[in-house]
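Here the structure is laid out as structure tokens; the discussion comes afterwards.
The values are calculated or read from the model by the stated rules, or taken from the named source; none is laboratory data. A quick note: this is a predicted structure, and the numbers were derived from the prediction, not measured. Heads up, the Cβs are rebuilt from the backbone with ideal geometry, glycines too, and the neighbour counts pull from every protein chain shown. What goes into the accessible areas is simple: the full protein's heavy atoms, side chains included, and nothing from ligands, DNA or RNA. Shrake-Rupley method; radii C 1.70, N 1.55, O 1.52, S 1.80 Å.
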Amino acid sequence: MIDHVHDLASVREATDRLLSAVAKLDNGAVAEASRLPGWTRGHVFAHLARNADALANVLDGLPMYASAEAREAGIGSGAPRPLDVQLADLRESAERFLEAAGADADWTRTVTLRNGVTDAAARVPFRRLIEVELHHVDLNIGYGLEDLPEEFTGRQIAYLAERFSGNAGLPPVTLTATDGRQWHTGGPEGPAVTVTGTAPALLGWLAGRGDKGAGLDTGGAPLPALPPL
């Protein structure tokens, strides 16, 4: 059962953490590299703001973005802005998303995201939470995978495991966290692989973050190559 009310509260908390951290930066930090190849922190800020507006569009029954080109243009043009403008945009776009999500609505309805992907409206707040939490890590400002809330880490591992489940390019994979939690993913064929590590390390591997599987144990088997997200 997806609890969108709980997830919206988590979005608020994660957004507050992000805004507090960003407010401590200076203009020079905006142009510095993020952990995402080719993106400065300014690119991450602009993406987060436009994503909030895009998901508000989804909840309002509108296209997520006008086009792929418009999405890229919004990120590119927004990246060089000074910190005060970035921070105001992050705050105001987050408020617009929360306002859209706070409206009376049928949360069981199906909504359309990018590239024709559909999902339950109730999962949209969790999708926003993913953006806020993982891109906070991507900013490289002292918030790492190990700082993510434990509940979020477990849910995001489960979310990505489900996304990769049945993929013919992956063998059967058992993900085992050192705290005892387990998830299963991958396709039906090939030698089964068990990947063991801390939950943050497992999430980092699945989400394409961290050091590409550093700290994970496969019992000597090759670490499977994951498909692109």
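Can you tell me how much longer the chain between Tyr143 and Asp217 gets when fully stretched, taken as 0.36 nm per residue apart minus their C-alpha distance, in nm with one decimal?
Additional length available on full extension: 24.2 nm.
To check my understanding: the extent here is largest minus smallest coordinate of the Cα atoms along each principal axis. What are those three numbers for segment 1-125, in Å, largest first?
Ordered largest first, segment 1-125 gives principal extents of 44, 31, 22 Å.
State the Kirkwood hydrodynamic radius of segment 77-229 in Å, one decimal place, computed from all pairs of distinct Cα atoms.
17.5 Å
Find, among the trypsin sites (Lys or Arg not before Pro) in segment 1-97, those assigned to loop by DSSP (not H, G, I, E, B) with at most 12 other beta-carbon atoms within 10 angstrom. Intermediate results must be reported in sequence, preceding the final value.
On the way: sites: Arg12, Arg17, Lys24, Arg35, Arg41, Arg50, Arg71, Arg91, Arg96; in loops: Lys24, Arg35.
Listed in order of number, the matching sites are Lys24.
Rounded to a whole number, what % of the accessible area of the chain do carbon and sulfur atoms account for, probe 1.4 Å?
52 percent
Roughly what % of DSSP beta bridges within the chain run antiparallel, to the nearest 5?
Around 65 percent antiparallel, to the nearest 5.
For segment 51-98, just say rounded, prolate or oblate: build the C-alpha gyration tensor, square-root its eigenvalues into a ≥ b ≥ c, call rounded for a/c under 1.5, and beyond that prolate if a/b exceeds b/c, oblate if not. Write out the running numbers ahead of the final one.
Details: a/c = 4.75, a/b = 1.26, b/c = 3.76.
Note, shape of segment 51-98 comes out oblate.
Compute for segment 12-76: radius of gyration divided by Kirkwood radius, i.e. Rg/Rh, restricted to C-alpha atoms, rounded to two decimals. Numbers along the way, then the final one.
Values: Rg = 13.4 Å, Rh = 13.1 Å.
My calculation puts Rg/Rh at 1.02.
Indicate the gyration tensor shape class of segment 94-172 (rounded, prolate or oblate), computed on the Cα atoms with a ≥ b ≥ c the square roots of the eigenvalues: a/c under 1.5 is rounded; otherwise a/b larger than b/c is prolate and the rest oblate.
Oblate.
Starting from the coordinates of the alpha-carbon atoms of segment 161-227, obtain the Kirkwood hydrodynamic radius over all distinct pairs and give the value in Å to one decimal.
The Cα-based Kirkwood calculation yields 11.7 Å.
For n ≥ 4 DSSP H runs only, could you compute -39500 (n - 2.57) per run for the chain, divide by its residues and tell me the 222 nm figure to the nearest 500?
-15500 deg cm²/dmol
What's the magnitude of the charge dipole for segment 95-193 around its Cα centre, counting Lys and Arg as +1 and Asp and Glu as -1 at the beta-carbon? Answer in Debye, nearest 20.
Roughly 360 debye for segment 95-193.
Based on the mean of other Cβ atoms within 10 Å per residue, sort peptides 151-159, 107-115, 80-88 so the most packed one is first.
151-159, 80-88, 107-115
What is the dipole size for the chain, taken about its Cα centre, with +1 at each Lys and Arg Cβ and -1 at each Asp and Glu Cβ, in debye to the nearest 20?
400 debye
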